[in-house]
Amino acid sequence: MGGMGAIFWREARLAWAGGGGPAGPAAFFLAAITLAPLAIGPDPDLLASAGPGLMAFAALLSVLQSAERLYGDDFVDGTLDLYALLPIGLPLLSLAKTLGQGVATLWPLPVIALLGGLMYGVPLVSSLMLAASLAAAIPALVLLAGFAGALAAGVRRSGLLIALIATPLMVPVLIFAAGAGRAGFEGDERALANLGLTAAISLGTIALAPFGIAGAIRSRLG
Amino acid sequence: MLSYFSNPQRFDGLARRVIPVLGVVTIVLLAIGVWLAFFGSPPDYQQGETIRIMYVHVPAAYMAMALYAALAGASFVYFVWRHSLADAAAEVIAPIGAVFTVLALMTGSLWGKPMWGTWWEWDARMTSVLVLLLVYLGYMALRSALEDAQQAARAAAVLAMAGIVNLVIVKFSVDWWSSLHQPASVIRFDGPTIHSSQLWPLGVMALAYTTLAAWLVFYRLRSRTLIQKARQIERRKLRDARQAQGEPGELA
């Protein structure tokens, strides 16, 4: 467990030191939700009903932003080769590594989503529901992006490839995270069910994805 | 049996005999199936002549899914037992499966226009087939992006296996997603239980599509081994030519 903690903190510190920590994804998320009304028009009803879905979608895109760095850099400079020799094993290691980066860089997203929801005219309770469902979705999103990132590690311009691999995997969590916000907005009692399903998928991903990431890393190390 | 045919020579011998047989069977079955679909079966009492689209659409959708199952199965065999033939099979199945998926989407769209009044509906089943196409595309993109052949094979195998877990979850989640927002205008094709006059052409067409896919897979597998052999010969020629000129040979 000590090893996992060390790797978690290493990733968190690296994210702050090399990539500006949460600034990158947060700025991207903010830009996306600022531009969306300019594209779909300022009609308040339309914005309020599209808001939760747009927010969840923009969050998914911002998670993809940092997926390239997570395993790409460590693959190129040989860190992954050393990691593969550690006694704690690749699954636990990749779990700590991925969540470390995810927590360090993505914690502002639910806060911005709450704010963005209010700006789109979504009622406070539904905005809170949306923020909660994004917070529940982030572990799954980060791990799936990490899985795609590990498969495509070291490929030149891997960002596009990662997006193509990760988006089909992210379909379920997007459906339920956005569904919680939408159902909340429509006064549907299924908001909590959607939130629960989002959390369930996140937990399932935490249980399964580390093995996928470990398999991906091993396949790439040859 | 798989390890027996992992010898390229033996596989080539098998493929050379299987390919023409599959070709003839496919053409005969397609001819019978198309005849049955167009002339040998009555128009549907509800859907009229458009029911005939079913005979090309349903088998395509079935092949899109069956080929993904085959892709994931081959990937599993390669991942666990490292059989190069299984990996080669996975590599050649992917584009064929993607084409059947596109075919299913296109014929479905052509069928949807007269039946539902729309080319495209964000219906659960259609959306999950579209996601299946993305999974195929991601698989092929990953394979072509990794230059080292062995790394590409292993990484692609991991992705194909993750894809099948995901497809199941996508199926359920999309069902729930769509059921929350099912537009009332969509007429569900629950129709009458299929009559035997329609079941026959459908069955023959499904069989024809299956042998067609098998034919294409064997054909592409054989061309793949031939291309590899041709490359080997080319490399050897190049090396011999260099050695004849007194240069040090290329490292194999």
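Derivation of every value follows stated rules applied to the coordinates shown; laboratory data play no part. Quick caveat, the model's predicted, so the values are computed rather than measured. Quick reminder, even Gly has a Cβ in these numbers, built from the backbone with ideal geometry, and neighbours come from all protein chains shown.
Amide H of B:ASP123 versus every other amide H placed in the peptide plane: which residues, excluding those fewer than 5 positions away on the same chain, fall under 5 Å?
HN-HN under 5 Å from B:ASP123: empty list.
Can you check what the Kirkwood hydrodynamic radius comes to for the protein assembly as shown, Cα pairs only, in Å to one decimal?
Over the protein assembly as shown, the inverse of the mean reciprocal pair distance is 24.8 Å.
When the helices in chain A are scored as -39500 (n - 2.57) per DSSP H run of 4 or longer and the sum is shared across all residues, what 222 nm value do you end up with, to the nearest 500 deg cm²/dmol?
Calculated at 222 nm, the ellipticity per residue is -29000 deg cm²/dmol.
May I ask you to work out the translational diffusion coefficient for the stretch A:94-222 at 10 °C, viscosity 1.306 mPa s, via Stokes-Einstein with Rh from the Kirkwood sum over Cα pairs, reported in whole µm²/s?
Translational D for this selection: 104 µm²/s.
Through the Karplus equation 6.51 cos²θ - 1.76 cosθ + 1.60, θ set to phi - 60°, convert the phi angles of the stretch A:58-64 into ³J(HN,Hα) values in whole Hz; use x for Gly and Pro.
5, 5, 4, 5, 6, 5, 5
State which stretch of chain B is the longest one without any exposed chymotrypsin sites (Phe, Trp or Tyr not before Pro), exposure meaning a DSSP loop state and at most 16 other Cβ atoms within 10 Å. Mind dumping the intermediate values first?
Details: sites that count: B:PHE39, B:TYR45, B:TRP119, B:TRP120, B:TRP122, B:PHE189.
Counting at most 16 other Cβ atoms within 10 Å as exposed, the longest clean stretch of chain B is B:46-118.
Hey, for a label at B:SER223 modelled as a point 7 Å past Cα toward Cβ, could you say which residues of the stretch B:126-159 have their backbone N under 15 Å away?
Within reach of a label on B:SER223: no residues.
Name the residue from B:LEU130, B:ALA94, B:THR118 whose Cα lies farthest towards the positive end of the charge dipole of the stretch B:2-238, charges +1 on Cβ of Lys and Arg and -1 on Cβ of Asp and Glu.
Working it through, the farthest residue towards the positive pole turns out to be B:ALA94.
Compare B:ALA89, B:ALA160, B:ALA145 in a GNM of chain B, Cα atoms joined below 10 Å, and give the one with the largest fluctuation.
B:ALA145
Identify which of B:ILE51, B:ILE32, B:ILE169 has the largest mean-square fluctuation in a Gaussian network model of chain B, with springs joining Cα atoms closer than 10 Å.
Residue with maximal mean-square fluctuation among B:ILE51, B:ILE32, B:ILE169: B:ILE169.
Residue by residue, what Karplus-based ³J(HN,Hα) values in Hz, rounded to whole numbers, does the stretch A:209-217 have, using 6.51, -1.76 and 1.60 with θ = phi - 60° and x for Gly and Pro?
Running phi through 6.51 cos²θ - 1.76 cosθ + 1.60 with θ = phi - 60° gives 4, x, 5, x, 5, 4, x, 5, 4 Hz.
Please list, in order along the stretch B:48-53, the HN-Hα scalar couplings obtained from phi with the Karplus expression 6.51 cos²θ - 1.76 cosθ + 1.60 (θ = phi - 60°), rounded to whole Hz, x for Gly and Pro.
Karplus-based 3J(HN,Hα) across the stretch B:48-53 equals x, 6, 5, 4, 5, 5 Hz.
Can you give me the three principal axis dimensions of the stretch A:2-221 from its C-alpha atoms, in Å, biggest first?
So the three principal-axis extents are 55, 32, 28 Å.
In square nanometres, what is the average projected area of the Cα convex hull of the stretch B:108-175?
The directionally averaged projection comes out at 5.2 nm².
Cut-off 10 angstrom, C-alpha nodes, Gaussian network model of chain A. Which of A:ALA193, A:ALA140, A:ALA132 fluctuates the most?
So, out of A:ALA193, A:ALA140, A:ALA132, the one fluctuating most is A:ALA193.
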